[in-house]
Amino acid sequence: QVQLVESGGGLVQPGGSLRLSCAASGDSDSIGAMAWYRQAPGKQRELAAVIANGGSTDYADSVKGRFTISRGNAKNTVYLGMNRLKPEDTAVYYCFAEDWRGVYWGQGTQVTVSS
């Protein structure tokens with residue numbers, strides 16, 4: 001089993017920056033892709049950014065150019081750098097990982113963009 005723990009959420013003013021972290025523990029040596037999803041109030045969960053085991057990345061159009069996903073050297077940690085934040089980025093952000101056994105979710109961390 002794999003456990004994912006996020007950190008780094010909080011309240012930030014529009015135009016500000018935050019960095020989210022997610023650490024995988026447990027039997028995490030086989031993790032492949034990792035990603036960040038987000039869910040705003042009253043909306044469905046959506047993919048924000050994904051990074052493959054080889055390092056290739058992809059982003060939702062709404063965050064492209066503002067968010068950067070990266071992995072740590074051990075590859076069982078994933079980060080989301082968020083710049084030029086907008087009120088519409090307000091959501092619970094969830095870490096996601098997958099391996100040959102299935103998929104895993106973190107508990108979520110709240111990001112609120114407000115003045």
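The values are calculated or read from the model by the stated rules, or taken from the named source; none is laboratory data. For clarity, every value in this text was computed on a predicted model and none was experimentally measured. Using ideal geometry, Cβ is built from the backbone for each residue, glycine included, and neighbour counts are taken over all protein chains shown. Heads up: the accessible areas ignore ligands, DNA and RNA and are worked out on the full protein's heavy atoms, side chains in. Shrake-Rupley method; radii C 1.70, N 1.55, O 1.52, S 1.80 Å.
Run the dipole for the chain about the Cα centre, Lys and Arg Cβ at +1, Asp and Glu Cβ at -1, nothing else charged, and hand back the magnitude in debye, nearest 20. Write down the numbers at each step before the final one.
Values: 11 positive and 10 negative charges, 67 e Å.
Magnitude of the dipole: close to 320 debye.
Across the options I31, N53, L85, the greatest Cα extent toward the positive end of the charge dipole of the chain (unit charges at beta carbon of Lys, Arg, Asp, Glu) belongs to L85. Between S115, V63, G8, the Cα set farthest toward the positive side of the dipole of the chain (charges on each charged residue's Cβ, about the Cα centre) is that of S115.
If the reach is capped at under 18 angstrom between alpha carbons, list the lysines near K43, excluding any in the same chain fewer than eight residues apart. Of all the lysines, those that pass the test against K43 - Cα under 18 Å, at least 8 places apart if same chain - are K86.
Let me know the shape class of the chain, please: from the alpha-carbon gyration tensor, a ≥ b ≥ c as square roots of the eigenvalues, rounded when a/c is under 1.5, otherwise prolate if a/b is greater than b/c, or oblate. Display every interim value, and only then the final one.
On the way: a/c = 1.92, a/b = 1.71, b/c = 1.12.
Cα axes put the chain in the prolate bin.
For a quick check of your reading of the filter: which chymotrypsin sites (Phe, Trp or Tyr not before Pro) in the range 19-115 sit in a DSSP loop and have no more than 14 other Cβ atoms within 10 Å? Numbers along the way, then the final one.
Details: sites: W36, Y37, Y59, F67, Y79, Y93, Y94, F96, W100, Y104, W105; in loops: W100.
Filter output for the range 19-115: W100.
Of the peptides 44-53, 9-18, the ranking by mean beta-carbon count within 10 Å, highest at the top, reads 44-53, 9-18. Per atom type, the chain shows carbon and sulfur on 47% of its accessible surface, probed at 1.4 Å.
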